[in-house]
Amino acid sequence: LYRRSSMKLLSWSFKTPCLDGVPLPTRDILHSCMQFPDGNNMDFIVNHHPSKYGGAEESAQKRKLVMNSLKSLCDSLVARGGNRIVAMGDFNDTPDAGSFEIIEGTLVNKGLPLHERGEGTIRYEGKWDLIDMFMVSPSLAGKTRMEVCRIPFLMTWEKKHPGEKPLRTYSGPRYIGGVSDHCPTVLKIGQ
């Protein structure tokens with residue numbers, strides 16, 4: 001979603017992560033190029049990397065392969081003159097995971113300072129983890145700030161591991177009426 005009075009969609013495409021030319025059974029990466037009223041363009045990339053289902057170590061290679069696809073896309077955008085890139089989404093890893101080394105130097109992870117302070121977007125067994133984040137091109141690093149939103153009506157109390165957590169939509173097949181098991185994140189972009 002975007003506000004047409006604030007930006008104009010110039011192009012969009014999907015990138016399918018592949019290994020040796022074979023598509024991975026995971027979500028595509030969405031890329032859109034938007035133009036602002038001042039004539040400047042910005043590339044937005046939406047990711048949802050593979051989960052840790054089956055074990056974090058067993059599934060780490062899948063997340064690294066998708067991160068390589070993200071880096072390849074960013075490298076292509078930079079080669080065409082793109083220097084205002086925002087990558088966002090559920091990376092299913094915290095910012096200190098090895099997969100983020102792949103993108104170092106290409107994008108700056110705006111979630112890293114929040115992670116280092118113990119903030120998170122998802123709570124698992126009583127511990128907050130930051131897996132939803134924004135990464136930006138170096139030209140935007142000093143002009144952007146990421147926040148995790150903890151909105152009261154999106155939260156619920158957890159009895160097993162006392163504390164608040166996001167109110168999810170389903171617990172197994174049971175509908176419980178929440179929005180997501182992840183807290184929303186916001187990227188503020190200044191001048």
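Do any chymotrypsin sites (Phe, Trp or Tyr not before Pro) in region 1-46 lie in a DSSP loop with no more than 14 other beta carbon atoms within 10 Å, and if so, which? Mind showing how you got there, number by number?
Values: sites: Y2, W12, F14, F44; in loops: Y2.
Filter output for region 1-46: Y2.
In the full protein context, the chain carries 59 Å² of accessible surface per residue, based on a 1.4 Å probe and ignoring ligands, DNA and RNA. Averaging over all projection directions, the Cα-based convex hull of region 96-150 occupies 4.2 nm² in the image plane. The distance from the alpha carbon centre of region 131-191 to that of region 1-60 is 19 Å, rounded to a whole number.
Evaluating 6.51 cos²θ - 1.76 cosθ + 1.60 at θ = phi - 60° for every residue in region 88-98, the Karplus couplings come out as 9, x, 8, 8, 6, 8, 7, x, 8, 6, x Hz, glycine and proline recorded as x.
From the square roots a ≥ b ≥ c of the eigenvalues of the alpha-carbon gyration tensor of region 24-78, which class results: rounded (a/c under 1.5), prolate (a/b over b/c), or oblate? Judged from the Cα gyration tensor, region 24-78 comes out prolate (a/c at least 1.5, a/b above b/c). Positive contributions from Lys and Arg (+1) and negative ones from Asp and Glu (-1), summed over other residues with Cβ under 13 Å from the Cβ of L140, come out at +4.
Here region 25-114 has 50 percent of its accessible surface on carbon and sulfur atoms, given a 1.4 Å probe and all protein chains in place. Each Lys or Arg adds one and each Asp or Glu subtracts one; over the other residues with Cβ under 13 Å from the Cβ of L10, this totals +3. Max-minus-min Cα coordinates of the chain on each principal axis give 51, 41, 31 Å, with the largest extent listed first.
The values are calculated or read from the model by the stated rules, or taken from the named source; none is laboratory data. Because the structure is predicted, anything quoted here is derived from the model rather than measured. Backbone-built Cβ (ideal geometry, glycine too); neighbour counts: all protein chains shown. To get the accessible areas, we keep the full protein, side chains included, count just its heavy atoms, and leave off ligands, DNA and RNA. Shrake-Rupley method; radii C 1.70, N 1.55, O 1.52, S 1.80 Å.
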